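The values are calculated or read from the model by the stated rules, or taken from the named source; none is laboratory data. Keep in mind that this is a model prediction, so the values were computed, not measured. Because the Cβ atoms are built from the backbone with ideal geometry, glycine has one as well, and the counts that use them run over all protein chains shown. When the accessible area is computed, the model is the full protein with side chains, heavy atoms only, and any ligands, DNA or RNA have been set aside. Shrake-Rupley method; radii C 1.70, N 1.55, O 1.52, S 1.80 Å.
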Amino acid sequence: MSPLLEVTGLRKSFPAKRNLFGRVTERTVVSNDVSFTVGRGETLGIVGESGAGKSTIGRQVLRLIEPDAGTILFDGQDVRKLKGKELLTFRRRAQMIFQDPFSSLDPHMTIRNAVGEPLSIHFGLSGEERDRRVVEILQRVGMREDQLDKYPREFSGGQLQRIAIARALTLDPDFIVCDEPVAALDVSIQAQVLNLLLDLQEERGLAYIFISHDLSLVRFLAHRVVVMYRGEVVETGTAEELFDNPQHAYTKSLVSAVPDPRARRRRRAVPAQEA
Ligand SMILES: Nc1ncnc2c1ncn2[C@@H]1O[C@H](COP(=O)(O)OP(=O)(O)O)[C@@H](O)[C@H]1O
Ligand SMILES: [Mg+2]
């Protein structure tokens with residue numbers, strides 16, 4: 001079976017300079033020939049310093065922005081060519097969780113509606129049936145039913161990230177791009193959210209792209225890792241390989257910056273991939 005996601009030769013540039021007449025005279029390449037795969041139920045870590053182009057990769061993969069070139073295959077389908085019903089199905093199956101849960105939720109929408117909205121849009125659910133699904137998923141991420149009619153400002157960062165995770169889960173996706181999902185949270189809360197992501201992955205066979213500038217987090221969660229430097233993939237390997245035997249100078253500097261790279265080991269084995 002093919003990987004769930006297969007990205008080949010992704011290229012993206014943004015205008016860097018314009019002349020007096022607003023014409024673009026220089027472009028910054030932020031994705032330079034980026035290729036990787038993500039297996040079913042697998043976590044691919046994307047690690048690199050701020051500005052390396054990690055988020056831009058995540059957004060292209062989910063078709064939130066359009067690449068200049070390259071191919072994105074999701075379950076064998078060419079994501080860049082999807083339209084109509086197939087695009088809607090892709091939008092259901094592939095979700096995203098952002099660094100800042102507050103700005104990813106509408107401040108004027110109750111949690112009930114924020115988490116229920118995708119169910120209305122994709123399945124036309126409403127009323128009791130929708131509520132039943134919303135309560136179920138919110139309880140799964142550790143929220144209580146009596147919190148349903150509150151607004152985002154009434155929750156802590158950790159609670160909001162749980163709510164954002166619930167919203168991403170409502171449509172029963174196969175794949176979630178987690179873009180620095182704990183970077184804005186207190187250290188004491190980070191482990192809870194990461195463990196929730198791990199548990200959900202095991203329960204639901206989810207595949208993740210886990211984006212982080214923090215190699216120790218990637219080490220904890222990812223089965224395989226892509227190291228990005230200035231828009232390019234400079235190294236790919238299992239988390240173990242990268243830690244034990246980094247090849248690229250940038251990877252070496254990342255590894256040496258982790259206080260004790262051997263302290264935390266991944267909780268579970270790589271899921272078996274059908275050939
Ligand atoms: N919409 C945009 N327009 C112009 N430049 C952008 C845009 N989005 C990102 N960039 C630039 O692309 C580079 C990579 O950004 P990003 O993907 O957010 O990096 P990372 O997530 O690794 O910090 C940065 O230099 C950023 O300024
Ligand atoms: Mg980013």
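Couple of notes before you dig in:
- Hits in region 50-67 (condition: near ligand 2 (Cβ under 10 Å from one of its atoms) and not hydrophobic (A, V, I, L, M, F, W, C)): Ser50, Gly51, Gly53, Lys54, Ser55, Thr56, Gly58, Arg59
- The residue pairs whose first member lies in region 57-72 and is in contact (Cβ under 8 Å) with a residue 12 or more places away in the chain, whose second member is of a type in the set (Asp, Glu), and whose beta carbons are closer than 7 Å, counting only pairs six or more residues apart or on different chains, are Gly58/Asp179; Thr71/Asp78.
- Looking across region 60-95, the residues that are of a type in the set (Val, Ile, Thr) and over 12 Å from Glu6 (Cα atoms) come down to Ile65, Thr89.
- Val177 vs. criteria more than 16 Å from the chain's Cα centre (by Cα) and either open to solvent by 20 Å² or more (accessible area, probe 1.4 Å) or touching a residue at least 24 places away in the same chain (Cβ under 8 Å) (or both): no
- Looking at Asp149, Asp106, Asp131, Asp78, just one residue is away from ligand 1 (no atom under 16 Å from the Cβ), of a type in the set (Asp, Glu) and touching a Ser or Thr at 6+ places or on another chain (Cβ under 6 Å), and that residue is Asp149.
- Any hit, region 215-235, residues being open to solvent by 10 Å² or more (accessible area, probe 1.4 Å), β-branched (Val, Ile, Thr) and away from ligand 2 (no atom under 16 Å from the Cβ): yes
- Of the helices (runs of 4 or more DSSP H) lying entirely inside region 57-154, those carrying at least 3 residues that are surrounded by fewer than 17 Cβ atoms within 10 Å (Cβ to Cβ) are 84-93, 111-123, 127-140.
- Sole residue being of a type in the set (Ser, Thr, Tyr), open to solvent by 50 Å² or more (accessible area, probe 1.4 Å), assigned to a strand (DSSP E or B) and without any contact (Cβ under 8 Å) to a residue 40 or more places away in the chain, chosen from Thr8, Thr25: Thr25
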